[in-house]
1. Taking 2.2 N^0.38 Å as the expected size of a compact globular protein, what ratio does the Cα radius of gyration of segment 110-170 give against it, to two decimals?
2. According to a simple spin-label model (label point 7 Å from Cα along Cα-to-Cβ), what is the distance in nm between Asp22 and Arg79?
3. Across segment 57-216, how many lysine pairs separated by 8 or more positions, or lying on different chains, have Cα atoms within less than 24 Å?
4. Counting pairs of alpha carbon atoms under 8 Å apart in space and at least six apart in sequence, what relative contact order in percent does the chain give?
5. Around Ser49, with a cut-off of 15 angstrom between Cβ atoms, what is the net charge of the other residues, counting Lys and Arg +1 and Asp and Glu -1?
6. Count neighbours as other Cβ atoms within 10 Å of each site's Cβ, and list the GluC sites (Glu not before Pro) in segment 154-199 that are DSSP loop with at most 12 such neighbours.
7. With just the Cα atoms of segment 70-160, tell me how far they stretch along each of the three principal axes, in Å, largest first.
8. List the relative contact order of segment 88-148 as a percent without decimals, with contacts defined as Cα pairs under 8 Å and 6+ residues apart.
Amino acid sequence: DAGLFRFPDVSQTQIVFTYANDLWLIPKEGGTAIKLSSPAGVESYPKFSPDGKSIAFSGNYDGNTDAYTISVTGSVPARLTSHGLPDRVVDWTTDGRKVLFASSRESGKARFNQFYTVPSNGGIIEKLPLAYAEFGSYSPDGKQIATVFRTQVGRNWKRYRGGTKADIHLFNLTNNESKAIGTEADAGNEFPMWHGSTIYFLSDRGSELRMNLWKY
């Protein structure tokens, strides 16, 4: 069950990542990694809450992937969703009150995902006004979200240039307007990460044709 270090996320003081299907924590300055979870099942896509005290993640403990939270000091994971289709954690709202996740629960034949939020302590799930959504990141003021409607994340090929490559769209949650960014290249743009006035993303654009960090 071993695997590569995957899905890193960072808080003010720590880095969380997955390895061998478990969550691990390590100080930002380096040091010894500590296993945060070890139940039977797969944990993926961990995301720190804005205050750095909790981690939302996707966990598959009983045959289906759902959204959970866990304290950075260790605790029993708290389950947030229980739908029969997979729920993939994407981000937290900027106020830290809700967890954003992607799910195909309302997409007909489960051919695409849409965004939903759920209170971080559990409760009523709300759907965001996007027809399609895979990965995304809120602007600092929480009024916009950088999102991709399509994705090649998880595919087993490289340098894809076809019609389902990911393009980043800035979606305004106050007036439901959107615009595409970074479309001057024929490569896909994945995992938008909004920090301050900059959006970082992964892309294999450029002469090396190799996945690397870019910024807009």
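1. Taking N as the residue count of segment 110-170, the ratio is 1.31.
2. Each label point lies 7 Å from its Cα, and together they span 2.2 nm.
3. Taking the Cα cut-off of 24 Å, the pair count is 12.
4. Over the chain, the number comes to 9 percent.
5. It works out to a net charge of 0.
6. Glu177, Glu184
7. 40, 32, 26
8. In percent, rounded to a whole number, it is 27.
Values in this text are rule-based calculations from the coordinates and carry no lab data. The structure displayed is predicted, hence computed values, not measured ones. All Cβ positions, even for glycine, are placed from backbone atoms using ideal geometry, and neighbour counts span all protein chains on display.
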